[in-house]
Amino acid sequence: MIFTIEIKSIEKVYSGGKIAVNKISAEMNERVTTLIGRNGAGKTTLLRMLSTQLLPTSGTAVVEGYDIIKDTKKVREMISSIPQEASPIGILTPYEQVKMYLVGRKFDRKDASSLAIEALETVGLGDAMNSPADTLSGGMKRKMFVALSIASGANMVFLDEPTTGLDPLSRFEVWSAIKKLKSNVLLTTHYMEEAENLSNEVYLMDSGKIMDHGTVKSLLQKFKDRIRIESQKQIPDSYSVAGMYIKYAPIEETERYIREGATVKRITLDDLFIMRGVDLES
Amino acid sequence: MNPKFILQFSYYYGIKVITRGPSYIIASLVTPLTLLFVVYILTAGKLVEFAIVGGMISLIASIGLQSAGDASFFRLQLRIQELYVASDVTPIDYMLAMTLSFLAFSIPGIVVYSLLGAYYGLYSLQTSAFMAFLIVMLIISTSAIAFIISGLIKHIRNIWGITSILSIIMTIIPPTFYPYVDLQGRLGTDGLIYLLSLSPATPAAISAQMVFGLMPWDNSMFGTMMAFLIGETIIYFAIAKFLTRWREV
């Protein structure tokens with residue numbers, strides 16, 4: 001079986017000895033896959049190695065059928081990668097930047113022009129495509145990069161924390177733009193909501209390793225029919241996490257905890273990390 | 001190589017930005033024009049022709065070196081370089097596109113110095129062609145130096161200081177605004193000339209002084225300077241390609 005991404009014991013050790021990615025192996029074949037983890041978990045390093053920007057210390061990976069070390073040129077023809085916190089050239093317009101990128105990808109100038117306009121309209125930047133990028137909001141700037149990937153028609157798109165630092169409304173706008181991508185997507189995020197909203201499959205990363213993976217539904221299976229109770233006051237059989245008492249209780253007990261003044265929340269991917277934190281502490 | 005990309009990039013980032021950010025062009029013209037004025041006053045106009053020919057060389061070399069700021073900004077701050085790494089753009093396409101942008105961006109300065117040169121009757125077909133050759137070699141070699149620097153620095157803040165220092169050392173100290181023979185007899189016969197020739201502006205200025213008839217023709221010196229200029233351009237470009245950090249390790 002040919003996988004979209006096949007990672008073979010890939011490792012990155014930075015000078016100074018820090019192991020950023022610790023011999024990870026994985027086979028990814030979903031349309032949208034998300035790497036989720038806290039800052040420093042190794043998500044960006046893994047994504048940069050897969051998108052041929054960073055050389056692994058050992059191991060390799062196959063992206064869209066090509067080896068990232070042996071067939072770098074082929075891989076680069078198949079992918080589009082938007083770096084973390086990438087920012088457009090302020091003095092140029094989104095139209096100019098998307099067109100320039102497409103011409104760089106060997107599109108004919110005429111095709112590049114029409115594809116740039118089409119992609120910018122798709123992500124809702126039709127009215128702003130001829131304004132200097134300096135005048136765009138943070139969300140619009142990120143959407144410009146998504147437009148760039150849409151227009152490129154790349155088989156595989158890598159998005160490194162595409163909504164970090166954006167306000168909630170801008171995040172929704174960028175999510176909507178990402179959903180318009182027809183390519184396979186690998187994105188990193190530390191927003192659980194983002195992973196839930198966009199992904200077919202989620203990989204949980206911590207300390208350079210993959211801790212767990214699956215669909216959002218399967219990962220949350222262990223919390224089935226449960227709710228999260230949070231309280232400043234101690235609750236019997238609860239965990240203490242960062243000064244807060246947390247307990248996972250059956251859904252039937254919701255009313256009782258509300259009466260007692262606790263906060264009741266639905267289960268999200270956050271809880272996998274909270275539980276992992278608890279495991280580590282214990 | 002992807003010439004369409006190189007031309008498209010330089011049209012947008014070299015030509016279109018001239019009207020959108022004219023202050024940068026004025027800033028790049030200020031130093032050579034100020035030095036031209038100082039040379040004119042201090043020598044009662046005697047060395048003004050040196051300063052016009054050298055001013056053009058100084059301007060191009062200075063713009064090339066200061067492009068390190070843009071190259072670093074694109075790599076470290078905007079992360080635009082990474083965007084192009086993960087595509088079919090090669091490091092040579094990217095460097096040539098940036099270099100041609102800076103050349104396009106120098107057009108207003110080239111026009112100013114060409115008009116001054118024409119006013120003083122310095123330009124013939126032969127000298128114009130030679131100056132065009134020097135401009136191309138200078139923009140490639142100094143942009144390559146800029147890429148080497150931008151590939152080495154880790155913090156964007158350092159680049160502004162480094163380029164200012166290099167710009168002075170590599171474009172004003174060389175014999176751009178004075179006769180090159182003033183350097184002879186220091187550090188041996190031509191030792192200081194060879195030392196300063198690490199900057200492409202030095203061989204460019206010395207050969208121009210001979211071609212423009214400002215200094216007597218010296219076959220040996222002209223040949224040596226051409227070898228320096230062409231050799232440096234190739235070597236600096238090769239090192240820059242290696243250090244551009246197209247794939248980090």
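Dipole size of the range A:5-214 about its Cα centre, with +1 on Lys/Arg Cβ and -1 on Asp/Glu Cβ: approximately 600 debye, rounded to the nearest 20. Across chain A, the longest piece that holds none of the GluC sites (Glu not before Pro) lying in DSSP loops with up to 14 other C-beta atoms within 10 Å covers A:86-259.
Spacing of the modelled spin labels on B:Gln77 and B:Gln126, each 7 Å from Cα toward Cβ, amounts to 4.7 nm. Here is the tail figure for the range B:1-131: Cα pairs spaced more than 20 Å apart come to 52 percent of all pairs.
In plain terms, the bigger the Kirkwood radius, the slower the diffusion; for the range B:97-249, with that radius from Cα pairs, at 10 °C and 1.306 mPa s, Stokes-Einstein puts D at 95 µm²/s.
Ordering B:Ile193, A:Thr72, B:Ser67 by Cα displacement along the dipole of the protein assembly as shown toward the positive end leaves A:Thr72 in first place; charges were set at the Cβ atoms of Lys, Arg (+1) and Asp, Glu (-1). Each listed q (0.27 Å⁻¹) maps to a log10 I(q)/I(0) for the range A:221-281 from the Debye sum over equal C-alpha point scatterers, namely -1.27. Placing +1 on the Cβ of every Lys and Arg and -1 on the Cβ of every Asp and Glu, with nothing else charged, gives the protein assembly as shown a dipole about its Cα centre of roughly 120 debye.
One compactness figure for the protein assembly as shown is 1.21, namely its Cα radius of gyration divided by 2.2 N^0.38 Å. Centre-to-centre, using Cα atoms only, the range A:101-141 and the range A:5-33 are separated by 32 Å. Computed over the Cα atoms of the range A:175-282, the ratio of the radius of gyration to the Kirkwood radius (Rg/Rh) comes to 1.03.
Other residues whose C-beta falls under 12 angstrom from the C-beta of A:Gly40 contribute a net charge of +2, scoring Lys and Arg +1 and Asp and Glu -1. Scaled against 2.2 N^0.38 Å for its residue count N, the alpha carbon radius of gyration of chain A is 1.12.
Using C-alpha pairs under 8 Å with a sequence gap of at least 6, the mean separation divided by the residue count of the range A:54-138 gives a relative contact order of 27 percent.
Angle of helix B:201-211 to the longest C-alpha principal axis of chain B, folded into 0 to 90 degrees and rounded to 10: 40°.
Remark: chain B carries a charge dipole of roughly 600 debye about the Cα centre, counting +1 on each Lys and Arg Cβ and -1 on each Asp and Glu Cβ. When every alpha-carbon pair in the range B:1-52 is counted, what percent end up more than 16 Å apart? So the portion of pairs separated by more than 16 Å is 59 percent.
Dipole orientation for the protein assembly as shown: of the candidates A:Ala154, A:Gln234, A:Met140, A:Ala154 has the Cα lying most toward the positive pole (charges on Cβ; Lys, Arg +1; Asp, Glu -1). Taking DSSP loops as anything outside H, G, I, E and B, show the longest stretch in chain B free of trypsin sites (Lys or Arg not before Pro) there with at most 14 other beta carbons within 10 Å. The answer is B:47-153. Relative to the longest principal Cα axis of chain A, at what angle does helix A:138-152 sit, 0 to 90 degrees, rounded to 10? Helix A:138-152 sits at roughly 60 degrees to that axis. Net charge of the neighbourhood of B:Val249, taken over other residues with C-beta under 13 Å away and scored Lys/Arg +1, Asp/Glu -1, is +3. Relative to one another, the C-alpha centroids of the range B:203-239 and the range B:1-77 are positioned 20 Å apart.
Read the figures in this text as sums done on the coordinates, not as results from a lab. Quick caveat: nothing in here was measured; it's all calculated off a predicted structure. Glycine gets a Cβ as well: all are built from the backbone with ideal geometry, and neighbour counts include every protein chain shown.
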